[in-house]
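One structure below.
Every number in this text was worked out from the coordinates using simple rules, so none of it is lab data. All values derive from a computational prediction rather than experimental measurement. Every residue, glycine as well, gets a Cβ built from its backbone with ideal geometry; the counts of neighbours run over all protein chains shown.
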2 protein chains.
Amino acid sequence: MTPPAAPQGAASPPPTPPPLPKVLAFDVFGTVVDWHGSIAREVERIVPGIDGDAFALAWRDGYRPAMAATMASGSFRVLDDLHRDILRSIAPGFGLALTAEQEDELNTAWHRLDPWPDSAAALARLKTKFIITPLSNGGIGLLTHMAKRAGLPWDVVLCAEVFRAYKPTPEVYRGVGRVLGVRDDEVMMVATHHNDLDAAQDAGLRTAYIARPLEFGAKHLELKDSERKERHPLHFDSIHELADYFGC
Amino acid sequence: MTPPAAPQGAASPPPTPPPLPKVLAFDVFGTVVDWHGSIAREVERIVPGIDGDAFALAWRDGYRPAMAATMASGSFRVLDDLHRDILRSIAPGFGLALTAEQEDELNTAWHRLDPWPDSAAALARLKTKFIITPLSNGGIGLLTHMAKRAGLPWDVVLCAEVFRAYKPTPEVYRGVGRVLGVRDDEVMMVATHHNDLDAAQDAGLRTAYIARPLEFGAKHLELKDSERKERHPLHFDSIHELADYFGC
């Protein structure tokens, strides 16, 4: 990372560095795993001839509206169920009449997302000094199966399903400190989405940004905002850089 | 383990072995960690001169009544809170007037329980073939901090706090399959307590018993029933023997 500019002028004593966080909570889709490339690959494998790139984008496009509708109804559903509804709604537009078996196999493709190349090794480094957890809108099962396959060495699996609410609801961010018995400012949210970090910071957490310019695939660089934001000065190009920053 | 006796008589074809479970869910206190020895040690360290052995037994004695009272009230509280209430109720009988700091340090002793000598290595073996999780009445934080210190390599941390109910409520056992997307009979409960295994089997799970004759300490072997029960024929002397049984 490029360090923020040091203050100029008066010879004041160097500021005390903030104490280390105790928990690093990671956004998963996009930050730790390559959802776009993995879903495109799985869709093309299961339904040969389809445009996996477009299908992956369409599937993901349904995600926020589906969560918003669920929250508006005052209920909670695991992401696997939302994914299935979206899959059913977009399949006809791609000319697909899925068998029940294909639908199951496609829907669990979200459990089989590949990690970015640095993720597993860098998380193992961070695990030596911090409690590391996902903090995702994915469910417990999805995140556990994904971690098992991808070698993500979480200490615990925290997510929307544990707190019965989705990010960016403040209770989800504050849930981490509550269940782990640490203060909110001892939790650092790590994500490649500025809105996730904004909400985490509003809830009292610390934040670090990981740039993942390829989140939407090499053909859609314009969909991704990887600019450094003033509000999130910890801005890294990989999780390894975060581990370097903390001396892990 | 001693294998159950093979059926005698007619030369019937050997029975098909049952398919492997997909998830192994472990009771923690007594099965994976030595709560009695660890609490006795911590109590004697924090409050020198006290009878740690008797204090550990008294603290644990309050556990079932505290859960029963909470369940009867239709609410849920994490075990850390129940432990604190019990601690406050038993301390005067031991002549203790605890400072707030001593109380905090004592109460988190339950986060610092030592594993039995086989636990961490044997769990690592089982992790190569199964999803391994605690299924404990301890809370998410307690189990996470304990695992971090003791090197218990859980894939996910399931417990009473996730399901807002305590064992032996059937919903806790069935919660494992529900959140992980497997059938109840694809989950095997592993415990050193027959009543835990009975309840798991009533809820549709498979079971394996681990003998821990020293659960209540070497002075109290009479408090522990490590007999083989017909209902739980998988009966092992260590978690390594369970890993041997599954060829891990």
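A compact table of results
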| read-out | value |
| --- | --- |
| Distances in nm from A:P233 to the matching label points in the other copies, shortest first (labels 7 Å along Cα to Cβ) | 6.7 |
| Net charge contributed by nearby residues that have their C-beta within less than 15 Å of B:A58 (K/R +1, D/E -1) | -1 |
| At 7 Å out from Cα toward Cβ: B:A68 inter-copy label distances (nm, ascending) | 5.2 |
| Shape call, the protein assembly as shown: gyration tensor on alpha carbons, a/c limit 1.5 | oblate |
| Filter on B:K129/B:K167; A:K127/B:K129; B:K148/B:K219; A:K127/A:K224; A:K127/B:K127; B:K129/B:K229 - keep pairs with C-alpha separation over 24 Å | B:K129/B:K167; B:K148/B:K219; A:K127/A:K224; B:K129/B:K229 |
| CD proxy at 222 nm, helix term only [per DSSP H run n ≥ 4: -39500 (n - 2.57); per residue of chain A; nearest 500] | -12000 deg cm²/dmol |
| Shielding by partners - mean other protein chain Cβ count within 10 Å, residues of A:137-147 | 4 |
| Using alpha-carbon coordinates, inclination of helix B:140-150 to the longest axis of chain B, degrees | 80 |
| Order of B:Y209, B:Y245, B:Y63, B:Y173 under a 10 Å beta carbon neighbour criterion, fewest first | B:Y245, B:Y63, B:Y173, B:Y209 |
| The stretch B:37-103 and the stretch A:164-213: distance between their alpha carbon centers, rounded to Å | 33 |
| Calculated FRET value between A:A72 and B:I46, using beta carbons and R₀ = 51 Å, to 0.05 | 0.50 |
| For B:C159, A:C248, order by how many other beta-carbon atoms lie within 10 Å, fewest first | A:C248, B:C159 |
| Neighbour-count order for B:L242, A:L57, fewest beta carbons within 10 angstrom listed first | A:L57, B:L242 |
| Rounded tilt (10° steps) of A:35-46 against the dominant C-alpha axis of chain A | 20 |
| Test item: A:153-160 mean partner chain Cβ contacts at 10 Å | 5 |
| Pseudo-label separations to other copies for B:S89 - Cα-to-Cβ vector, 7 Å, nm | 5.1 |
| Principal-axis tilt of helix B:52-61 within chain B, Cα atoms, nearest 10 degrees | 70 |
| Prolate/oblate/rounded label for the stretch A:35-111 (Cα gyration tensor, a/c 1.5) | prolate |
